[in-house]
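Reading through the structure tokens given below for one structure.
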Amino acid sequence: MDTFFSSGRLSLKTKGSESSSSILIVGSKNPFKLKIEITHAWGRPLLHIMIHDSELQILSFTEKKYYHGHLGTPGSLRFFPARLDPDQIWALLRAYPVLRKYSRAVSLKGNQITLLNGKAERVQVVDLYQESSLPRLVSFPEQGTKVSFSDFESNSGLKYARKISLDDPKTETILALKLKQMVFNKALPESIFKLEKPKGFEMLPLR
């Protein structure tokens, strides 16, 4: 699976605030690129986000600002309030888990797989639905974050979850994604992955 595009609803709760908006996502795995368009319920654009490897570009239409920088910088937490690396962002938006690099896999209890690194430390825990063996919950012990997957569908023979929820207690963030459609492996024009700064937008680094 090399490309996908999807649309749905995004809900975000963080530190006392709550929001809901429409979301359109376009992704390419090789090369790694993601474009996210977030709009208000009545169609007004709020954010356009472009990720290329670890490079991050953001158009904030409410602020009339163009931000540029890298994932993981403190400034990026304004727009990605959960602590996620590129593989985790891909899994969240692709709506299916990605296994982290590991040295050994063990099963410490039923319907659960734990991935260990070379020091026998847990890097990822995957809980499975008993009836289908599909992934139900993915935990990252080092970060303390958890991502749940439910309401699975198939498209072009590929499974994806229509409902995804991320819980990051450290940043007090709960993110929920409910997909209306998901399409895989369609040709994507290169122009989709361009983010042009509108006239009058201020350019700022993410710090």
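The values are calculated or read from the model by the stated rules, or taken from the named source; none is laboratory data. This is a predicted model, so every value here is computed, not measured. Quick reminder, even Gly has a Cβ in these numbers, built from the backbone with ideal geometry, and neighbours come from all protein chains shown. With ligands, DNA and RNA removed, areas are computed over all heavy atoms of the protein, side chains included. Shrake-Rupley method; radii C 1.70, N 1.55, O 1.52, S 1.80 Å.
The single condition among (1) under 23 Å from GLU190 (Cβ atoms); (2) out of contact with any Phe, Trp or Tyr (no Cβ under 7 Å at 6 or more places or on another chain) that PRO45 does not meet is (2). Just one of the listed residues (LEU204, LEU166, LEU175) is closer than 16 Å to TYR66 by Cβ, open to solvent by less than 60 Å² (accessible area, probe 1.4 Å) and either in a loop (DSSP other than H, G, I, E, B) or touching a residue at least 12 places away in the same chain (Cβ under 8 Å) (or both), and it is LEU204.
What pairs come out if I take residues in the range 126-148 that are farther than 17 Å from VAL106 by Cα and touching a residue at least 40 places away in the same chain (Cβ under 8 Å) and pair them with residues that are open to solvent by less than 30 Å² (accessible area, probe 1.4 Å) and in a strand (DSSP E or B) whose C-beta lies under 7 Å away, six or more apart or interchain? That search, which allows pairs on different chains as well, returns THR145/LEU166; THR145/ASP168; VAL147/VAL138; VAL147/ILE164; VAL147/LEU166.
Residue-level check: of (1) open to solvent by less than 60 Å² (accessible area, probe 1.4 Å); (2) touching a strand residue (DSSP E or B) at 6+ places or on another chain (Cβ under 7 Å); (3) assigned to a loop (DSSP other than H, G, I, E, B), VAL98 misses just (2).
If I ask for residues that are under 20 Å from THR14 (Cα atoms), surrounded by 14 or more Cβ atoms within 10 Å (Cβ to Cβ) and out of contact with any Phe, Trp or Tyr (no Cβ under 6 Å at 6 or more places or on another chain), which ones from the range 49-62 would you list? Across the range 49-62, the qualifying residues are ILE49, SER60. In the range 1-27, the residues that are aliphatic (A, V, I, L, M) and at pLDDT 90 or above form Cβ pairs under 7 Å with partners that are open to solvent by 30 Å² or more (accessible area, probe 1.4 Å) and not in a strand (DSSP E or B), at six or more places apart or across chains, as follows: VAL26/LEU188; VAL26/ILE192.
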